[in-house]
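Here's the structure we're looking at; comments come further down.
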Amino acid sequence: MALTRPTILQIIPELDTGGAELSAVEIADAIVRAGGRALVLSEGGRLAPRITATGGEFVPFAAATKNPARILWNAHVIRQMIENEGVDLVHARSRAPAWSAMLAARRAGKPFVTTYHGAYNEKTRLKKAYNAIMAKGDTVIANSQYTKRLIEERYGTPSDRIRVIYRGVDGSKFDPAVISEERKAALRARWRAAPGTRIVLQPARLTAWKGQSTVIEAARLLKADNRLGNTLIVLAGDAQGRDSYRHRLESEIRAAGLEDNIILPGHVEDVAAALAVSHLAIVASVEPEAFGRVATEAQVMGCPVIATDIGAPPETVAAPPKFKAEEATGWLVPPGDASKLAAAMAEALSLTPDARAALAGRARNRVLQNFSLESMRLDTLDVYDRLLGTQLRASYK
């Protein structure tokens, strides 16, 4: 007999910020809208209230622990929860809790799904064994073709067990037409951006692999060449305890004489408005992005974007030489190459209004056609349906 109201349990360490965290919220909402019951186990964070706001159930849980003994105990607790709450499927979105979730799901005889969100570091055999849990789902969701290839190469996971589901962007939320002047003015005031100032935004947590140092050096090169002008570069993101890295960036900014051109304002909650006031967005990662949602969010907002040509951005940003100039939606540059980044920044900032509008239109249309939130939700519900024999996708409203 088919399940009429399946209960789906997602587990993720925290619900603070990031693509994996936001996906957990968005899929909880999709499950509820399809008539299912959505449980989310996590230590919590600023996104936790959104779980309950969608009709899902947030369950405080020590999901971030990496202690082996606690992971085994968590597996016992999750299995009890599966039985007590009638959980039909378990979906893990991060490595440490995935071990507990898999043990619990296997013991309870329930389907187990993983989403491989990141291009995890595998410098040792132990780390590779730890990461391998994310390839052990009955279905493994890869958030890009790049990620799918990574899973196949690293773990030999059969292609038919991997489902590529791109990270989705909400085109109704990320729409220049719905961003009020008040929202934009609030951000410009917070950043102390004078009227007429061009804003270049890099929304990324403060960690070395996100490439903030490359952005600082590119700005120095532009200033030395008298091409920076009245530009404010906003390195927006939490340090997340990496205070020494933040201090290092501040030192680099001072050494380059860019105190009036670069700020580190911390986390930006209203990313859509931040992109709406920005003349350019940058994804400067020096290690591969498994997806890189900033690239798609910027494009759907009509904000020109430069990304590094590693990982998934070559899938999401249409750039020469693969695409003709009249088809391009942004720029791709080599990772860590401040000179190439500076050149792309200069070109993007010098676009005429007509050229910028044409690029913005192409970019928004491409994202809505290929990387929409609705597609991500429907495809994920389809994964659940195939494992459970349910009709969640067809019931989604």
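Any read-out appearing in this document is the output of simple, stated calculations on the displayed coordinates, not a laboratory observation. These numbers come from a predicted model, not from an experiment. Heads up, the Cβs are rebuilt from the backbone with ideal geometry, glycines too, and the neighbour counts pull from every protein chain shown.
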Subtract the Cα-Cα distance of residue 225 and residue 208 from 0.36 nm times their separation in residues, and report this length gain in nm to one decimal.
3.5 nm
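State, to one decimal in nm², a quarter of the convex hull surface area for the C-alpha atoms of the stretch 230-286, i.e. the direction-averaged projected area. Can you show the working numbers first?
Details: hull surface 18.5 nm².
If I average the Cα hull's projected area over directions, I get 4.6 nm².
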Around residue 332: net Lys/Arg minus Asp/Glu count, Cβ-Cβ under 14 Å:
-4
3J(HN,Hα) from dihedral phi, the stretch 41-57, Karplus parametrisation 6.51/-1.76/1.60, rounded to Hz, x for glycine, proline
9, 6, 6, x, x, 5, 8, 4, x, 6, 4, 5, 5, 7, x, x, 10
As an exercise, identify the GluC sites (Glu not before Pro) in the stretch 196-301 lying in DSSP coil whose Cβ has no more than 15 other Cβ atoms within 10 Å.
259, 269
Please identify the trypsin sites (Lys or Arg not before Pro) of the stretch 1-105 that satisfy two criteria: DSSP loop assignment and at most 13 other Cβ atoms within 10 Å. Which are they?
46, 66
Can you compute 3J(HN,Hα) from phi for each residue in the stretch 203-211, using the Karplus curve 6.51 cos²θ - 1.76 cosθ + 1.60 with θ = phi - 60°, rounded to whole Hz and x for Gly and Pro?
x, 7, 4, 7, 8, 4, 6, 7, x
Long-range amide H contacts for residue 169: which residues qualify at under 5 Å (H placed 1.01 Å from N, peptide plane, sequence gap of 5 or more or a different chain)?
372, 373
Around residue 383, under 12 Å between beta carbons, what's the net of Lys plus Arg minus Asp minus Glu among the other residues?
+1
Below 10 angstrom from the Cβ of residue 318, what's the summed charge of the other residues (Lys, Arg +1; Asp, Glu -1)?
+2
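Where the eigenvalues come from the Cα gyration tensor of the chain, what are the semi-axes √(5λ) of the equivalent ellipsoid, largest first, in whole Å?
38, 22, 20
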Taking placed amide H atoms and a strict 5 Å upper bound, the residues 5 or more places from residue 236 or on another chain that come that close are 202, 204
